Amino acid sequence: MQPADLLLLKPMQPSVMEALAGAFTLHRADTAPDPDAFYREIGPRIRAMATGAQAPVDRTLIEKLPQLEIVASFGVGYDTIDVGAAAERGIVVTNTPDVLSDEVADLALGLLLATVREIPQADRYLRAGHWPTRTYPLTATLRGRHVGILGLGRIGRAIARRLEGFGVALSYHGRRRQDDVSYAFHPTLLEMARAVDVLMIVAPGGPETNGIVNAEILEALGPDGIVVNVARGSLVDEPALIEALRSGAIHGAGLDVFAAEPEVPEAFLGLERVVLLPHVGSGSVQTREVMGQLVVDNLLSWFSGKGPLTPVPETPANAPSTGAAR
Ligand code: 8YV
């Protein structure tokens with residue numbers, strides 16, 4: 001049988017490229033000299049896509065691929081894929097949940113501690129040779145804090161479990177109360193922001209959460225408030241966050257994600273009480289390899305007739321269960 005035609009919008013990590021090349025006929029949109037001609041010629045043959053958050057899959061693209069059966073995405077967040085448009089066509093979308101939860105949770109804890117105790121700033125202070133002249137200024141503390149988790153999904157729970165060991169109070173806000181946890185549930189984000197002094201953002205991106213961490217929420221966190229975001233930059237009103245940091249409405253922020261990555265608003269760079277990371281939450285060699293393997297395994301499982309391994313919840317129940325028979 002002919003290997004199925006698979007579209008890549010951008011190259012993926014070498015292990016994934018190698019595995020895909022062994023099982024599919026690959027077509028790379030990013031190296032096509034004439035994109036219109038590329039989609040005219042290749043589009044009708046494409047049955048699969050492998051992609052990631054940095055390469056959006058919108059309705060216009062989906063319409064150019066009439067035979068598309070499956071979009072396998074690298075990463076747990078899939079806010080850059082139009083899952084509604086995919087569902088209308090019965091296209092399966094898969095992501096890579098679970099395999100990155102502990103890695104992202106570790107990073108979230110590191111970023112929280114780094115922000116509260118100013119670890120990168122202290123490192124810069126030592127390197128700049130200031131220590132012999134003056135000891136580093138005293139910092140804020142995690143002691144006695146109350147952490148509010150926005151989005152108690154798989155990663156949010158992994159963060160909460162770690163925080164239990166740090167002896168802080170824990171609350172959460174999300175779409176619904178979860179009966180199997182003892183943390184306090186707040187039906188609104190504002191109510192939670194009033195109750196806590198750390199806001200840990202782990203909810204999915206997309207239209208429902210766009211800009212929900214706004215000036216009112218930041219004000220409610222208060223002058224000791226810390227914001228940590230390991231989810232998507234789109235959840236935060238960045239100009240409002242910059243203003244809150246400048247005015248002292250909150251104390252500090254640790255950010256692994258930004259609204260227009262890899263662009264970072266210049267104003268953040270000039271602020272002292274922020275720790276900025278280039279979206280590295282899941283970025284260890286080991287975890288990225290496992291994520292890549294899950295992308296490949298979803299595609300192989302689909303085309304061998306065993307169905308997708310980790311379809312997103314929006315994938316329609318009436319989607320064909322496998323791609324093997326076509
Ligand atoms: C991705 C992420 O790995 O899983 C997600 O949703 O944001 C990251 O873990 C990253 O975007 C891949 O480039």
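The values are calculated or read from the model by the stated rules, or taken from the named source; none is laboratory data. A quick note: this is a predicted structure, and the numbers were derived from the prediction, not measured. Because the Cβ atoms are built from the backbone with ideal geometry, glycine has one as well, and the counts that use them run over all protein chains shown.
Looking for something assigned by TED's automatic domain parsing to the domain that holds THR209 and within 11 Å of the ligand (Cβ to nearest atom) - is there at least one such residue anywhere in segment 239-255?
No: zero hits.
What pairs come out if I take residues in segment 39-62 that are touching a residue at least 40 places away in the same chain (Cβ under 8 Å) and pair them with residues that are away from the ligand (no atom under 16 Å from the Cβ) and part of a helix (DSSP H, G or I) whose C-beta lies under 7 Å away, six or more apart or interchain?
ALA48/LEU299; ALA50/LEU20; ALA50/LEU299
Are any residues in segment 46-82 modelled with pLDDT of 95 or more, part of a loop (DSSP other than H, G, I, E, B), over 11 Å from the mean Cα position of the chain (by Cα) and of a type outside the set (D, E, K, R), and if so, which ones?
Of everything in segment 46-82, those that are modelled with pLDDT of 95 or more, part of a loop (DSSP other than H, G, I, E, B), over 11 Å from the mean Cα position of the chain (by Cα) and of a type outside the set (D, E, K, R) turn out to be LEU65, PRO66, GLN67, LEU68.
For segment 83-108, enumerate the residues that are closer than 17 Å to LEU277 by Cα and either over 13 Å from the mean Cα position of the chain (by Cα) or within 11 Å of the ligand (Cβ to nearest atom) (or both).
GLU103, VAL104, ASP106, LEU107
For segment 131-138, check the following and say yes or no: at least one residue is crowded, with 21+ Cβ neighbours inside 10 Å, touching a helix residue (DSSP H, G or I) at 6+ places or on another chain (Cβ under 7 Å), of a type in the set (Ser, Thr, Tyr) and on the phi < 0 side of the Ramachandran plot.
Looking for residues that are crowded, with 21+ Cβ neighbours inside 10 Å, touching a helix residue (DSSP H, G or I) at 6+ places or on another chain (Cβ under 7 Å), of a type in the set (Ser, Thr, Tyr) and on the phi < 0 side of the Ramachandran plot, one finds none in segment 131-138, hence no.
Out of all the residues in segment 279-294, which are within 7 Å of the ligand (Cβ to nearest atom), assigned to a helix (DSSP H, G or I) and farther than 17 Å from THR51 by Cα?
none
Residue-wise test of (1) more than 24 Å from VAL147 (Cβ to Cβ); (2) in a strand (DSSP E or B); (3) in contact with a helix residue (DSSP H, G or I) (Cβ under 9 Å, 6 or more places away or on another chain).
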| residue | (1), (2), (3) |
| --- | --- |
| ALA249 | no, no, yes |
| VAL257 | no, no, yes |
| ASN298 | yes, no, no |
| LYS306 | yes, no, yes |
| LEU309 | yes, no, yes |
| THR315 | yes, no, yes |
| THR322 | yes, no, yes |
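What number goes with the only condition from (1) surrounded by fewer than 18 Cβ atoms within 10 Å (Cβ to Cβ); (2) assigned by TED's automatic domain parsing to the domain that holds VAL198; (3) within 16 Å of the ligand (Cβ to nearest atom) that GLY151 does not pass?
(1)
Residue check: is VAL257 under 21 Å from ARG47 (Cα atoms) and either within 17 Å of the chain's Cα centre (by Cα) or among the β-branched types (Val, Ile, Thr) (or both)? Walk me through it before giving the result.
On the way: under 21 Å from ARG47 (Cα atoms): no; either within 17 Å of the chain's Cα centre (by Cα) or among the β-branched types (Val, Ile, Thr) (or both): yes.
Against the criterion (under 21 Å from ARG47 (Cα atoms) and either within 17 Å of the chain's Cα centre (by Cα) or among the β-branched types (Val, Ile, Thr) (or both)), VAL257 does not qualify.
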